[in-house]
1. I want to confirm something. Restricting to region A:16-32 and keeping residues that are in contact (Cβ under 8 Å) with a residue 12 or more places away in the chain and part of a loop (DSSP other than H, G, I, E, B), which single residue is surrounded by the fewest Cβ atoms within 10 Å (Cβ to Cβ)?
2. Condition check: in contact (Cβ under 8 Å) with a residue 60 or more places away in the chain and away from every other protein chain (no Cβ under 13 Å). Does residue B:108 satisfy that?
3. Answer with yes or no whether residue C:70 is closer than 19 Å to residue A:8 by Cβ, in contact (Cβ under 8 Å) with a residue 60 or more places away in the chain and either β-branched (Val, Ile, Thr) or within 11 Å of chain A (Cβ to nearest Cβ) (or both).
4. Taking the conditions exactly as written (facing another protein chain (nearest Cβ under 10 Å), in contact (Cβ under 8 Å) with a residue 24 or more places away in the chain and in contact with a helix residue (DSSP H, G or I) (Cβ under 7 Å, 6 or more places away or on another chain)), does residue C:24 satisfy them or not?
5. How many residues does region A:391-410 hold that are in a loop (DSSP other than H, G, I, E, B) and surrounded by 21 or more Cβ atoms within 10 Å (Cβ to Cβ)?
6. Could you please find all residues in region A:45-89 being more than 26 Å from the chain's Cα centre (by Cα), closer than 25 Å to residue A:283 by Cα and part of a loop (DSSP other than H, G, I, E, B)?
7. Could you check region A:275-315 and list, in sequence order, the residues that are of a type in the set (A, V, I, L, M, F, W, C), more than 29 Å from residue A:244 (Cβ to Cβ) and modelled with pLDDT of 95 or more?
Amino acid sequence: MSTKKLNQKEKYRCMTRDLDWEPSYQTKEGIYPFERFEGIRITDWDKWEDPFRLTMDAYWKYQAEKEKKLYAIFDAFAQNDSQTKISDARYVNALKIFLCAVTPVEYQAYQGFARVGRHFGGVGARLACQIQAIDELRHVQTQIHAMSHYNKHFNGLHDFAHMHDRVWFLSVPKSFFDDARSAGPFEFLTAISFSFEYVLTNLLFVPFMSGAAHNGDMATVTFGFSSQSDEARHMTLGLEVVKFLLEQHEDNVPIIQRWIDKWFWRGYRLLTVVGTMMDYMLPNKVMSWAEAWEMYFEQAGGALFKDLERYGIRPPKYVEQTTVGKQHISHQAWSIFYQHSQATNFHTWIPSDTELDWMSAKYPDSFDRIYRPRYQYWRDQQVKGERFYNQNLPMLCQVCQLSLSFTEPDDDTRLSHRSLIHQGERFHFCSDGCHDIFRHEPEKYLQARLPVHEILKGNCGGSNVEEVVRDYYHITSSEESFEYLGSPEHRRWQQWKNDEPKPDGDLPKVI
Amino acid sequence: MPVNAIGAYPAQSRDRLENFNGRQLLYLGWSRHLLFCAPMTFALPPEMTFGEFLESVVKPAIAPHPDAAFVDFAKAEWQLDDQPFAPDLAASLSANGIGHKSLLFLSTPGLDGIHGSHN
Amino acid sequence: MTSLVFIAFQNTDNARLYIDAIVADNPHAEIQHQPAMIRVQAKDRLDLHRETVEERIGRVWDVQEMLLDVITLGGSFEEEEDRLSLRWN
């Protein structure tokens, strides 16, 4: 008798839906107590579709194969001393941000999916969340493994988990995920699976990673693409989640719309840092931040929101401001880091002439008018031996926790600022988007832990920035912080490259 | 709107005045001078006079900017929390109506940043 | 505005065969080469047929094997026994 092989659909049904059971001595409401408080109405969990129909056995098989490929490349990278073959040591500073900002939020994503997976009544959703939780944990591990090799040769990578919880700019990604994880299970899914994974993560994991390859970093591009191959599943799921929720009940539509508005804006602000990594920290360029935004958000997102129109969903609120912002945000963030480099675990620098020309060409509406004169001044100061640092603490947005460094959508010479008074206390925001998020749930955001305020309260173990950086952040600033040119890392790179040390003020060559 | 939560949701502001050890927060921005990436944050005693604030806080804070040397504070224009503001140098910050987490913007007409680039 | 679907693969040996198959099945597809990756975009729809891949790869191929080389995709994704498709409705 020949045994018939199950086809994909049957296998998926047997190995997911069939694993569920009807509770006999507890109510469903008692088992899934958090399914209703957000106002989302689910009428039939069986309508949930996982487009990849991935079952656990297939999952283990494919993930194991991905891991084998990935670790073979890590080994080859290390054995070949490939850290000496990257385009320029400046590039590694992007990895320092990545390890401290992104890797810990992958861990937060793991925790988030592990939690919400417990709280859905539908078995398809529970399984999808379980698989995604394991994926996210894999991303944490592979990223740590990939960058542990760089940690042997470069500064600033030694204490990423500690830094994630404490260093000022890392409160931006940390608070983003804290916000999502402290929301209900459906908001978490809309925030992370849809708004973040589907709409925005491509910008980090595709053009930036392609850029890593272009700069000779095979280890990073490989973990990046390997992570993103999981994300391809997550993204698909994110879209299905939103469609499922919208189809379940019309009452869900305004709730989902508000979450899309909120999480699109939060994600857009978070990606500011990625924009800076792309434009400034990839010595060999693939595409500009603005071009990446056009390809992966405007074009792809445009098609997506056109598709969602039939459910009554419109593009995210304030999306038009991002069309203006894409000309500015990477430069604005680089300016933040450049002048506060005394308190970062990575170096900053003024781009070379070739790079400045590239930016002038890529950002014709903004760069020569605003940012190039700024960099020219800073470079002149550096040549005079007076490298510019800002010793003052910046004012932060109560919601996204970035400093108020963005300009008004209709006037790029004026800082954008919104404020409101809530129960007698004034709160400040960088934008309409962040202002609206606060106004909707003030009790949540008035608890925000803003790093600058914590320093001024005396909660960061020091009376001045130097002590905070050393004792509270665990950053050895003489090694890790300040200007790149002339840093120990720059000198070591020159030695690797058998270059004569260059006089101060010289700029690295662009390859 | 209240937070949509699974139970009672008591919340207190983390940055309320009493948490700053007798000081209050004051933010300072300088219009048309984007060289400083954002307004600056200070924790100051509310009894500090505006004149003292000008000398011991504002001037050193903006000193790294090449325009700083040319600022004529007698002609400077101020905005306090988005409203035009005429400070009384002899009066305290509080008496000037500057509260906890107020935002003060300095405008210096005629000075438009490095080569007029608003930097 | 036309709606584009897209899929990107790591620039691997397998992926070159997938791209070859996609081009055969989707004459309207546009191929873009970027460092370490290949991106394919097309108006409204892209299909990848198991048979077309098997002809090129010379063995039995499970559509889910695509997961090993894919980086990202855009569009509504559907997986059938013999075909993967991306489309906007």
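The values are calculated or read from the model by the stated rules, or taken from the named source; none is laboratory data. Only a predicted model underlies this, so the values are computations on that prediction, with no experimental measurement involved. Neighbour counts are summed over all protein chains in view; Cβ atoms, including those assigned to glycine, are modelled from backbone coordinates with ideal geometry.
1. To start, the set of residues in region A:16-32 that are in contact (Cβ under 8 Å) with a residue 12 or more places away in the chain comprises A:16-17, A:19-20, A:28, A:31-32.
Still in the running and part of a loop (DSSP other than H, G, I, E, B): A:16, A:20, A:32.
Details: A:16: 20, A:20: 15, A:32: 18.
Only one residue tops the list, namely A:20.
2. Details: in contact (Cβ under 8 Å) with a residue 60 or more places away in the chain: yes; away from every other protein chain (no Cβ under 13 Å): yes.
Here the answer is yes, as residue B:108 does meet what is asked.
3. On the way: closer than 19 Å to residue A:8 by Cβ: yes; in contact (Cβ under 8 Å) with a residue 60 or more places away in the chain: yes; either β-branched (Val, Ile, Thr) or within 11 Å of chain A (Cβ to nearest Cβ) (or both): yes.
The answer is yes for residue C:70.
4. Working: facing another protein chain (nearest Cβ under 10 Å): no; in contact (Cβ under 8 Å) with a residue 24 or more places away in the chain: yes; in contact with a helix residue (DSSP H, G or I) (Cβ under 7 Å, 6 or more places away or on another chain): yes.
No.
5. Pass one, region A:391-410, residues in a loop (DSSP other than H, G, I, E, B): A:391-392, A:395, A:397-402, A:404-406, A:409-410.
From what is left, the residues that are surrounded by 21 or more Cβ atoms within 10 Å (Cβ to Cβ) are A:392, A:395, A:397-402, A:404-406.
The total comes to 11.
6. A:80, A:81, A:85
7. Of the residues in region A:275-315, the ones of a type in the set (A, V, I, L, M, F, W, C) are A:277-278, A:281-282, A:286-287, A:289-290, A:292-293, A:295, A:297, A:300, A:303-305, A:308, A:313.
Cutting the leftovers down to more than 29 Å from residue A:244 (Cβ to Cβ) gives us A:277-278, A:281-282, A:286-287, A:289-290, A:292.
Listed by number, the residues that qualify are A:277, A:278, A:281, A:282, A:287, A:289, A:290, A:292.
Residue by residue, here is whether (1) surrounded by 23 or more Cβ atoms within 10 Å (Cβ to Cβ); (2) over 20 Å from residue A:344 (Cβ atoms); (3) at pLDDT 95 or above holds:
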{"site": "A:145", "(1), (2), (3)": "no, yes, yes"}
{"site": "A:152", "(1), (2), (3)": "no, yes, yes"}
{"site": "A:162", "(1), (2), (3)": "no, no, yes"}
{"site": "A:167", "(1), (2), (3)": "yes, no, yes"}
{"site": "A:191", "(1), (2), (3)": "yes, yes, yes"}
{"site": "A:196", "(1), (2), (3)": "yes, yes, no"}
{"site": "A:204", "(1), (2), (3)": "yes, no, no"}
